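The values are calculated or read from the model by the stated rules, or taken from the named source; none is laboratory data. Bear in mind the structure is a predicted one, so any value in this text is a computation, not a measurement. When we count neighbours, we look across all protein chains shown, and the Cβ atoms used for this are built from the backbone with ideal geometry, even at glycine. SASA here: full protein model, heavy atoms, side chains in, ligands and nucleic acids out. Shrake-Rupley method; radii C 1.70, N 1.55, O 1.52, S 1.80 Å.
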Amino acid sequence: EQYRVSPYDAAVLANDLELARYFEAAAKGAKKPKNVANWILNDLQNALGAAGKGMHDCPIPPEALDELVNLIDSGKISGKQGKEVFAEMFATGKSSAAIVKEKGVEQLSDVSAIEKLCDEVIAANPKPVADFRAGNVASLNFLKGQVIKLSKGKANPQIAGEILERKLKG
């Protein structure tokens with residue numbers, strides 16, 4: 001209850017003392033402990049299993065996993081970017097912040113920069129724009145995809161979608 005995880009997740013975590021200790025250390029400063037639990041139970045355990053390692057050999061300190069989850073939850077990086085950063089953390093032991101800086105994978109959430117991209121996409125795609133205005137909601141996803149592509153995968157999709165919708169309805 002304290003960490004707001006499901007009874008199933010709590011049972012899995014509590015079943016292994018090392019796993020439970022790791023989770024408690026990682027979730028201590030977490031805004032969303034449930035997300036920390038998901039990363040531990042899915043990505044971390046899969047990575048450890050694939051590498052033939054146990055929790056005691058874990059190359060990612062609990063605080064580092066918490067830092068990664070907070071980067072994703074705050075929108076600094078996307079979930080997809082988080083998976084890439086996680087793999088690098090597991091392989092090198094580096095912190096998520098260092099990897100994000102090194103690889104330049106930070107998600108673009110600057111509204112004015114995304115607005116410029118949206119303007120370019122709207123100008124370059126008159127047919128999908130007309131389709132959306134005619135009621136084809138799926139066209140918005142195509143246009144959003146073009147914004148993401150133009151930003152080399154860095155634009156925050158939620159912000160891009162909101163801006164496109166506002167510009168196309170206005």
(message) Show me the ranking of peptides 123-130, 42-49 by mean Cβ neighbours inside 10 Å, starting with the highest.
(response) 42-49, 123-130
(message) Taking θ = phi - 60°, what integer Hz values does the Karplus form 6.51 cos²θ - 1.76 cosθ + 1.60 yield along region 160-167, in sequence order, with x for Gly and Pro?
(response) 4, x, 5, 5, 4, 4, 4, 5
(message) Placing unit charges on C-beta atoms (Lys and Arg positive, Asp and Glu negative, everything else neutral), compute the dipole magnitude of the chain about its Cα centre in debye, rounded to 20.
(response) 660
(message) Could you tell me which residue out of F90, G135, I77 lies farthest along the dipole of the chain toward its positive end? Charges go on the beta carbon: Lys and Arg +1, Asp and Glu -1, centred on the Cα centre.
(response) G135
(message) From the phi angles alone, apply the Karplus equation (6.51, -1.76, 1.60; θ = phi - 60°) to region 146-151 and give each ³J(HN,Hα) in whole Hz, x where the residue is Gly or Pro.
(response) 5, 5, 4, 4, 4, 8
(message) Of I60, I122, A30, which is farthest towards the positive pole of the chain's charge dipole, taken about the Cα centre with +1 and -1 on the beta-carbons of Lys, Arg and Asp, Glu respectively?
(response) I122
(message) So, for region 52-166, what is the accessible surface per residue at a probe of 1.4 Å, expressed in square angstrom?
(response) 53
(message) For a quick check: with amide H placed at 1.01 Å from N, whose amide H comes under 5 Å from Q107's, ignoring anything fewer than 5 positions away on the same chain?
(response) I77, S78
(request) Report, in deg cm²/dmol and to the nearest 500, the calculated mean residue ellipticity at 222 nm for the chain, where each DSSP H run with n ≥ 4 adds -39500 (n - 2.57) and the sum is divided by the residue count. (result) -20000 deg cm²/dmol
(message) Computing the accessible area with a 1.4 Å probe over protein heavy atoms, can you report the carbon and sulfur percentage for the chain?
(response) 53
(request) With springs connecting C-alpha atoms under 10 Å apart, model the chain as a Gaussian network and identify which of S96, S139, S112 has the largest mean-square fluctuation. (result) S112
(request) Determine the relative contact order of region 1-88: mean sequence separation of Cα pairs under 8 Å and six or more apart, normalised by residue count, in whole percent. (result) 28
(request) Select one label from (i) 1.10; (ii) 1.05; (iii) 1.18: the one whose number is Rg/Rh (Cα atoms, Kirkwood Rh) as derived from the coordinates shown. (result) (i)
(request) Taking the dipole about the Cα centre of the chain, with the C-beta of Lys and Arg at +1 and of Asp and Glu at -1, give me whichever of V147, A47, L19 is farthest to the positive side. (result) V147
(request) May I ask you to evaluate 6.51 cos²θ - 1.76 cosθ + 1.60, the Karplus curve with θ = phi - 60°, for each residue of region 102-109 and list the ³J(HN,Hα) values in order in whole Hz, giving x for glycine and proline? (result) 4, 8, x, 8, 4, 5, 7, 10
